[in-house]
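Some notes on the structure that comes next.
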Amino acid sequence: MNTYFSELGRKLTGQTPIALEGYYVLHDTDEVSRSLTAPQGVPTITAERFVQTLVEGCKNIIREFAKRPENKDVYVFTLYADDHHSFYVYMNTEDRFTETLADYGYEDPQKISSLKFNPGDFDFQFWDEHMSEHGETIRLFEKTAYGALDLPKEEDAYSEANGEPIVAFEAGIIYIGYQVLALQAVQCLISENAFAPLRTTENFIAYASTGDDYIDYSILMRKTIEPALFDMLFPEIAEHDRHYNLELESYRKLTVSEAVEYWMDAVHDGNRVTSLYRYVKSEYEVFAQLAPFGNALAAVCLPRIGCLVKQDELSRTDMEKLLYYLECLHFSGSLTIHQQNECRWIATMLEEKHEEFRTEAHQLLVFANM
């Protein structure tokens, strides 16, 4: 199973901070190291500075586009942060959409709506080279993120590299954090009225996106689009919301154990076509439905994790269960002293018997000390 999207959801909703200790440092050899402190004499990119870079880069794109004859009836702007650590700005106008629609020949309202708000079909695309001097920070970020892929993700996993350091990024920006900062940048653009130079439609929208519809429609777009406008522009999603909320009522009577079992089946559906996925909800929603159980969720999951960890070998199904139960702990609130000790014991067993779960063992120790 993949709990990445639940983690992304936790960070996009502010449930889990993006901050991590230390820095990723890019060297002039294109190698990347991780350090507890930022090296002296080179630019240090904090989360706040990164957001401001995105904001100013987007403003430059907006100002330049405003000078063009195509600046008419702009109905959408999105700052797209993909899973390869690249940033793109997409915009579209009503005229260009009409032309695209004619090429596709769609008549179904749902297909038309999907086409109208699909960044891949927008006519205007921009990237770091259109962000003036701010694009250089984005280019350095991409290099740093690429070089960091092979480094361990644990907060205490530091490393060295050859060459002279040229820039340092706060560690939390590199892994998932950059997508959260894209959202913050769009929120800043809206609050600063940065879209004023554009000749926009009455129902103009601006949002951050990841390219994953389940995350974008269920979380990100709702962060910058007013609910009434969202429901008007995306009536099929609003209808999904209504049916989903009705379906949830049938699960309210489940015990915590029953709920853990039910939602585990849902999150294991790799095709995302059953249960909550057909309502355009992300994996984050699975765990959000378990959160109201609070500590009772940990009381169910920790013993199950312990039983799995005792095994000498873990099947693929066992591994999926382990990751699922561990993710549940993020939604179970504060742990008791006994549960914290249980986390420490499980972490030790994981490191001793299942080295591939070192990251998860580290997370258990974090739980133990919270």
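Could you figure out which of (1) under 17 Å from the mean Cα position of the chain (by Cα); (2) crowded, with 21+ Cβ neighbours inside 10 Å isn't true of Y4?
(2)
How many residues are free of Cβ contacts under 8 Å to residues at least 60 places away in the same chain and either within 24 Å of the chain's Cα centre (by Cα) or not in a loop (DSSP other than H, G, I, E, B) (or both) when one looks only at region 190-208?
Adding up the residues that qualify gives 3.
When residues of region 152-189 are filtered for being open to solvent by 60 Å² or more (accessible area, probe 1.4 Å) and in a helix (DSSP H, G or I), how many remain?
Going through region 152-189 one residue at a time, the tally reaches 3.
Would region 275-296 turn up any residue that is of a type in the set (S, T, Y) and farther than 30 Å from E247 by Cα? Spell out how you get there, then give the answer.
Just the residues of region 275-296 that are of a type in the set (S, T, Y), to begin with: 275, 277, 279, 282, 284.
Then keep just the ones that are farther than 30 Å from E247 by Cα; that gives none.
The answer is no, given that none of the residues of region 275-296 is of a type in the set (S, T, Y) and farther than 30 Å from E247 by Cα.
Hey, does region 354-366 have a residue that's over 20 Å from W263 (Cα atoms), more than 26 Å from the chain's Cα centre (by Cα) and open to solvent by 10 Å² or more (accessible area, probe 1.4 Å)?
To start, the set of residues in region 354-366 that are over 20 Å from W263 (Cα atoms) comprises 354-366.
In the following step, the residues that additionally are more than 26 Å from the chain's Cα centre (by Cα) were identified as 354-355.
If we keep only those that are open to solvent by 10 Å² or more (accessible area, probe 1.4 Å) too, we end up with 355.
Yes, some residue in region 354-366 is over 20 Å from W263 (Cα atoms), more than 26 Å from the chain's Cα centre (by Cα) and open to solvent by 10 Å² or more (accessible area, probe 1.4 Å).
Does region 327-341 contain any residue that is charged (D, E, K, R), open to solvent by 20 Å² or more (accessible area, probe 1.4 Å) and either within 26 Å of G9 (Cβ to Cβ) or modelled with pLDDT of 95 or more (or both)?
No, region 327-341 contains no residue that is charged (D, E, K, R), open to solvent by 20 Å² or more (accessible area, probe 1.4 Å) and either within 26 Å of G9 (Cβ to Cβ) or modelled with pLDDT of 95 or more (or both).
Only one of E129, E133, E142 is within 19 Å of the chain's Cα centre (by Cα) and acidic (D, E). Can you tell me which? Can you show your working first?
Numbers: E129 fails: within 19 Å of the chain's Cα centre (by Cα); E133 fails: within 19 Å of the chain's Cα centre (by Cα).
From the options E129, E133, E142, the qualifying one is E142.
In this structure, is Q179 closer than 24 Å to T44 by Cβ and free of Cβ contacts under 8 Å to residues at least 60 places away in the same chain? Break it down stepwise before answering.
On the way: closer than 24 Å to T44 by Cβ: yes; free of Cβ contacts under 8 Å to residues at least 60 places away in the same chain: no.
Against the criterion (closer than 24 Å to T44 by Cβ and free of Cβ contacts under 8 Å to residues at least 60 places away in the same chain), Q179 does not qualify.
Being in a loop (DSSP other than H, G, I, E, B) and within 28 Å of D216 (Cα to Cα) is the requirement here; does K143 meet it? Talk me through it step by step, then tell me what you get.
On the way: in a loop (DSSP other than H, G, I, E, B): no; within 28 Å of D216 (Cα to Cα): yes.
Here the answer is no, as K143 does not meet what is asked.
If A196 passes every condition in (1) within 30 Å of P69 (Cβ to Cβ); (2) surrounded by 13 or more Cβ atoms within 10 Å (Cβ to Cβ); (3) among the small types (G, A, S) but one, which one does it miss?
In the conditions (1) within 30 Å of P69 (Cβ to Cβ); (2) surrounded by 13 or more Cβ atoms within 10 Å (Cβ to Cβ); (3) among the small types (G, A, S), A196 misses (2) alone.
Going by the structure shown, is L220 closer than 19 Å to L276 by Cα and surrounded by fewer than 13 Cβ atoms within 10 Å (Cβ to Cβ)?
Working: closer than 19 Å to L276 by Cα: yes; surrounded by fewer than 13 Cβ atoms within 10 Å (Cβ to Cβ): no.
Criteria not met by L220.
Considering only region 67-105, state which residues are surrounded by 19 or more Cβ atoms within 10 Å (Cβ to Cβ) and hydroxyl-bearing (S, T, Y).
Answer for region 67-105, where residues must be surrounded by 19 or more Cβ atoms within 10 Å (Cβ to Cβ) and hydroxyl-bearing (S, T, Y): Y75, T78, Y80, Y90, T93.
Would you mention how many residues in region 19-59 are open to solvent by less than 30 Å² (accessible area, probe 1.4 Å) and either closer than 30 Å to T93 by Cα or of a type in the set (K, R) (or both)?
Summing the residues that are open to solvent by less than 30 Å² (accessible area, probe 1.4 Å) and either closer than 30 Å to T93 by Cα or of a type in the set (K, R) (or both) in region 19-59 gives 8.
Pairs needed: first member in region 236-258, in contact (Cβ under 8 Å) with a residue 40 or more places away in the chain; second member anywhere, open to solvent by 80 Å² or more (accessible area, probe 1.4 Å); C-beta distance under 9 Å; at least 6 residues apart or different chains.
Close Cβ pairs satisfying both conditions: E236/P109; E236/Q110; H240/R278.
Look through Y106, Y88 and report the one residue that is assigned to a loop (DSSP other than H, G, I, E, B), among the hydroxyl-bearing types (S, T, Y) and without any contact (Cβ under 8 Å) to a residue 40 or more places away in the chain. Break it down into steps so the answer makes sense when it comes.
Details: Y88 fails: assigned to a loop (DSSP other than H, G, I, E, B).
Just one listed residue meets the conditions, Y106.
Yes/no matrix, rows are residues, columns are (1) modelled with pLDDT of 95 or more; (2) part of a helix (DSSP H, G or I):
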{"position": "P69", "(1), (2)": "yes, no"}
{"position": "T78", "(1), (2)": "yes, no"}
{"position": "T98", "(1), (2)": "yes, yes"}
{"position": "A102", "(1), (2)": "yes, yes"}
{"position": "D150", "(1), (2)": "no, no"}
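The values are calculated or read from the model by the stated rules, or taken from the named source; none is laboratory data. Keep in mind that what you see is a predicted model, and the values were worked out from it rather than measured. Using ideal geometry, Cβ is built from the backbone for each residue, glycine included, and neighbour counts are taken over all protein chains shown. Calculation scope for accessible area: heavy atoms of the full protein, side chains included, ligands and nucleic acids excluded. Shrake-Rupley method; radii C 1.70, N 1.55, O 1.52, S 1.80 Å.
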